[in-house]
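One structure below.
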Amino acid sequence: MADRPWLAHYPAGVPATLDYPEIPLYGLLEQSLATYPDLTALRFAQVTMSYRELWGRVLRCAAALAGLGVGTGDRVALMLPNCPQYVIAYYGTLRAGGIVVQVNPLSTPRELQHYLTNSGATTIVVADALYPVVQATLPQVQLEHVLVARLRGEVALGPEARSFEETLASAAGGPPDVAVAASDVAVLQYTGGTTGVSKGAMLTHRNLVANVLQTAAMNPELPTGSDLRVLTVLPLFHVYGMTVCMNLGLARGGELILLPRFEPAEVMATIKATRPTMFPGVPTMYVAVNSFPDAEAYGVGTIRFCNSGGAPMPVEVLHAFERRFGGRILEGYGLSETSPVTHTNPATGVRKPGTIGMPLPDTDAEVVDLETGTRVLPPGEPGELRIRGPQVMAGYWNMPEETALALRDGWLYTGDIATMDADGYFTIVDRKKDMILASGFNVYPREVEEVLYEHPSVLEAGVIGVADAYRGETVKAYVVLKPGASATPEELDAFCRERLAAYKVPRLYEFREALPKSAVGKVLRRMLVEEERQRAGQPATGE
């Protein structure tokens, strides 16, 4: 028990270990079909689809892909926003024995070329609006089939492409029986590429099934069937949306309320119309809801189960949301390499805002020294977080050296700096690469950002280190103010000095209308770093 102090604090009803069925991921969807055949599985604009209808389309997609020659282990790229076609193509690929290659719909031709070349994908399913990006990539890749999903209407297809919907409609018979083992790779989940070239984490069917069951086990009160309506605005190509919205929602017979992007007005109108009960989000989404005019009138209080991940949740944002709407936000943590969830604050029992909570069932976590990665550190001392459990990836696709660096002696080394308290609750301090070394002192951007979020005029904040001839690096803050609010660098400086040691206080402030964000809404510090390097006339890092 000494090396797993969190087990003593697991709430009643949360098991320390689980049984994991040796089934492919789509087996969870089959189970929901058997239990909830006529319940709504997907809602997209004015279109709804029952579990019976969804499974029928999944089987037709699998048959169509098999007819194109897609078989065991073949890679099928999906370049789609949140829409029914995404869910159908995802599970259809798995049912055909293939591997899903997750592609960010915002990818440039250069980025798409990397995903397709690295994965060796032979087929892509792409939204009609994104078809030109695929066309621009075709001369550099080895695609055999381009299936274009109709979302905006008719689009002129070149000779290399065919309609996704028509291909499914013309499929003859059901899909062939394909032996899919739990150990087979189901998804290539590409990392964000923040530390070099983007890597494809190999997530197996066992990884993904385990993470669904682990996540559900940590929330015994999570409903099933028609009581579970999941506001699905997190992008499904992102590992967080894939598991916590889609795979978990469908495994529990819930309704996925699909939105292709986070537009605050559209999200609020959807909440009012559909009354979701679960909202997996990222901090910037909660910031937007907090600041939305007259938000109480939209029925946000119907959302009983709120999750936050993807980026650290500022404590003040969490408290502001809960004071206003009454929901309870559970902050968690995960990685592309871990399917993704490894930690969460429990739904019942003790929640510690500002922490990522405790490890999921069957998950071990340790904080180790930054120099060797082998010495386990005592509670309260920061070091690198390492993890092992059934949700940890099999490795990086075609990258043995990168795999050997990340997976060592059965542990995944996360690259995140964390602490663990005496109760076994973990706190992410920052990324190793984001740490600022100012006059020999370690400064963690997240700590400074937390303080800035407490200022009543600050809507968003991003903190980085910039070159300084005297200090080596100095702290710079990028700030977005709330609508109608005002603040000066001097006011923010005085505010921070009351709450931070002098060496942590930003020396530079830059006010912005917006901060660069990833598709999931995470503030991209690396883009701010690149901007500063370009200003200084330094070469790009290639990240």
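Suppose a student asked you for the relative contact order of region 435-535, using Cα pairs under 8 Å spaced at least 6 residues apart; what percent would you report?
Details: 161 pairs, mean separation 26.6, N = 101.
This gives 26 percent for region 435-535.
Equivalent-ellipsoid semi-axes (√(5λ), Cα gyration tensor) for the chain, whole Å, largest first?
37, 26, 25
Hey, quick one: spin label on V47, modelled 7 Å out along Cα-Cβ, who in region 260-281 has an amide N within reach, i.e. under 13 Å?
260
Test of understanding: what is the full-extension gain from T348 to F441, defined as 0.36 nm times their sequence separation minus their Cα-Cα distance?
Values: separation 93, 0.36 × 93 = 33.48 nm, distance 3.83 nm.
The span from T348 to F441 would gain 29.6 nm if fully extended.
Would you report the distance distribution of C-alpha pairs in region 229-285 as whole percents per 10 angstrom bin, up to the bin with the largest distance?
It works out to 25, 59, 16, in whole percents.
Could you tell me what fraction of 2.2 N^0.38 Å the Cα radius of gyration of region 26-180 comes to, as a two-decimal ratio? Provide the component values of the computation, followed by the final result.
Numbers: Rg = 15.1 Å, N = 155, 2.2 N^0.38 = 15.0 Å.
Normalised Rg, Cα atoms only: 1.01.
Contour minus end-to-end for D364 and S183, with contour as 0.36 nm per residue of separation and end-to-end as the Cα-Cα distance?
Working: separation 181, 0.36 × 181 = 65.16 nm, distance 2.06 nm.
So the chain would gain 63.1 nm between D364 and S183.
If I model a spin label at R375 and A297 as a point 7 Å from the Cα along the Cα→Cβ vector, what separation in nanometres do I get?
6.1
Would you list S163, S291, S32 from fewest to most Cβ contacts within 10 Å? The partial results should precede the final answer.
On the way: S163 17, S291 13, S32 22.
Starting with the residue having the fewest Cβ neighbours, the order is S291, S163, S32.
Over the Cα atoms of region 237-371, compute the convex hull volume and normalise it per residue, giving Å³. Don't jump to the answer; show the numbers that get you there.
Working: hull volume 17.8 nm³, N = 135.
So the per-residue hull volume is 132 Å³.
Using only the Cα atoms of region 435-535, construct the convex hull and provide its projected area averaged over every direction, in square nanometres to one decimal.
Here the figure is 6.5 nm², rounded to one decimal.
What is the sum of charges around R507, taking Lys and Arg as +1, Asp and Glu as -1, for the other residues whose C-beta is under 14 Å from the C-beta of R507?
-2
How would H319, H238 line up from fewest to most surrounding beta-carbon atoms within 10 angstrom? The partial results should precede the final answer.
Details: H319 13, H238 24.
The order, fewest Cβ neighbours first, is H319, H238.
With contacts defined as alpha carbon pairs under 8 Å and 6 or more residues apart, what's the relative contact order of the chain in percent? Kindly include the intermediate steps, with their values, before the conclusion.
Numbers: 1165 pairs, mean separation 67.0, N = 543.
Reported as a whole number, the value is 12 percent.
Taking the simple approach of a point 7 Å from Cα along Cα-to-Cβ for both L481 and F511, what is their distance in nm?
0.3
Could you tell me which helices of the chain pass both thresholds, a Cα extent of 20 Å or more along their own axis and a mean Kyte-Doolittle hydropathy of at least -0.5, with helices taken as whole DSSP H runs? Provide the component values of the computation, followed by the final result.
Working: long enough: 51-67 (24 Å, 0.31).
TM-like helix candidates: 51-67.
What dipole magnitude, in Debye to the nearest 20, does region 435-535 give about its Cα centre under +1 on Lys/Arg Cβ and -1 on Asp/Glu Cβ? Each step should come with its number before you reach the end.
Details: 15 positive and 16 negative charges, 59 e Å.
Roughly 280 debye for region 435-535.
Place a point 7 Å from the Cα of T488 along the Cα-to-Cβ direction; which residues of region 416-460 have their backbone N under 15 Å from it?
none
Straight-line reach from K476: which lysines have Cα under 20 Å away, leaving out those fewer than 8 places along the same chain?
Leaving aside lysines fewer than 8 places away in the same chain, those within reach of K476 are K432, K433, K504, K517, K522.
Fewest Cβ neighbours within 10 Å first, please rank R60, R328 accordingly. Write down the numbers at each step before the final one.
Working: R60 21, R328 15.
In order of increasing Cβ crowding within 10 Å: R328, R60.
Treat each spin label as a single point 7 Å out from the Cα along the C-beta direction, and report the E22 to Q135 distance in nm.
Here the answer is 4.9 nm between the modelled labels.
Among G225, S486, G327, whose Cα sits farthest toward the positive end of the charge dipole of the chain (+1 at Cβ of Lys/Arg, -1 at Cβ of Asp/Glu, about the Cα centre)?
Positive-most Cα among the choices belongs to G225.
Whole number please: convex hull volume per residue, Cα atoms of region 122-228, in Å³. Before the final figure, lay out the partial values.
Details: hull volume 23.4 nm³, N = 107.
Here the figure is 219 Å³ per residue.
Values in this text are rule-based calculations from the coordinates and carry no lab data. As the structure is a computational prediction, the values presented were derived from the model and not from experiment. Positions of Cβ are backbone-derived with ideal geometry, glycine not excepted, and every protein chain shown enters the neighbour counts.
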